[in-house]
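Every number in this text was worked out from the coordinates using simple rules, so none of it is lab data. Values in this document were obtained by computation on a predicted structure and should not be read as measured data. Methodologically, a virtual Cβ is constructed for each residue, glycine included, from the backbone with ideal geometry; neighbour enumeration extends over all protein chains shown.
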Amino acid sequence: MINNTIHICFSYSTMGSLKTAISKKIIKEGTIIALLDDLSKGPIENISDINNRIAWYDHSQLLLYKNYKYEMIKSYETLHSTIDNLTNENIYIWYGDNCLEICGLLYTLSLFKGNLSKIHFVRALPIFSKDSEIAFICKGTNELIPENLPDIFNKSFHLTSEEILSLIKLWDSLTKENANVRIADFPNIIHSPDKNASKENRWPTIKKEYFIPPLDGLNKIKSVDEDYYDNLIFEKVILNYPNVISIVGGVICEHLDSISDSFIFYRIVQLIKEGKLSYTGDIASIRSLKVHLAN
């Protein structure tokens, strides 16, 4: 290793923000590794064979970029190689309160075979303005700009070996369940400000509930049926959202967790194939497709 610091994240956006923050010397220099796969969706029973994941993506025809297979495989290879060859490096795992990043974190932890004391956790936290008038609460590290990163990096924390092993056990249980959808089952932490409160206490509910013990967020992942989001989709259709792109956006905005637009689109197509929704337009195009409840 060139240096003794490794940053692990789970999206292109976070990887780009980390690169910028390091280039500006506002966070500790280190090697950046991004696992580019949404492990909150799809089979995970035999994840050592990445072809199982790729086959599911191909079958579900999710809207992915052209080179996703190559880049996904490369990201797995890099992550595995790095962890297999660790010596005494400090590992910083970046995540937010969303299922995609937490599943990536759980999988990453399952790869460690040796010393767990060098693992640091960097959790996305609310960003408050200087006068505490405005708070931005992000669902994930991908929503943060580089200038936000030093604050949460400086609040990185450790978990005990027992706590980390409990998370690895959770991941093992999830792989045995092998559902196609996993969700983060923790309470809503997003609240509106109390306009009648003083400037210092305007966001007391957020401050009180957001800074829950980290393990209380990390261990709340559970398996659900693939149709888990279908009721939200039907709600948007009933509200006369004929354009599929509006339905997808409405579901994503309303749900507490971070959900990929491609997966919601996939579920809409499945509902069409099951005869529960009728449609006009191109079934392969999220922009031109319109749907209605089937008669």
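Tabulated data
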{"item": "Neighbour net charge for Thr87 - beta-carbon separation under 15 angstrom, K R +1, D E -1", "result": "0"}
{"item": "Formal net charge of residues neighbouring Ser11 (Cβ-Cβ distance under 11 Å; K, R +1; D, E -1)", "result": "-4"}
{"item": "Region 230-293 - Rg over Rh from alpha carbon coordinates, Kirkwood radius", "result": "0.92"}
{"item": "Exposure proxy order (Cβ contacts within 10 Å, fewest to most) of Met72, Met15", "result": "Met72, Met15"}
{"item": "Partners for Lys276 among aspartates and glutamates (Cα-Cα distance below 15 Å; same-chain residues under 8 apart left out)", "result": "Asp227, Asp230, Glu235"}
{"item": "In order through region 54-59: 3J(HN,Hα) via Karplus (6.51 cos²θ - 1.76 cosθ + 1.60), integer Hz, x for Gly, Pro", "result": "5, 4, 5, 4, 5, 5"}
{"item": "Under 20 Å from the Cα of Lys155 - aspartates and glutamates, other chains or at least 8 residues apart", "result": "Glu29, Glu89, Asp97, Glu101, Glu143, Glu147, Glu163, Glu209, Asp216"}
{"item": "Residue order, fewest to most beta carbons within 10 Å, for Ile145, Ile73, Ile152", "result": "Ile145, Ile73, Ile152"}
{"item": "Calculated from backbone phi, Karplus (6.51, -1.76, 1.60) coupling profile of region 275-285 in Hz, x at Gly/Pro", "result": "x, 8, 10, 9, 8, 10, x, 8, 5, 8, 10"}
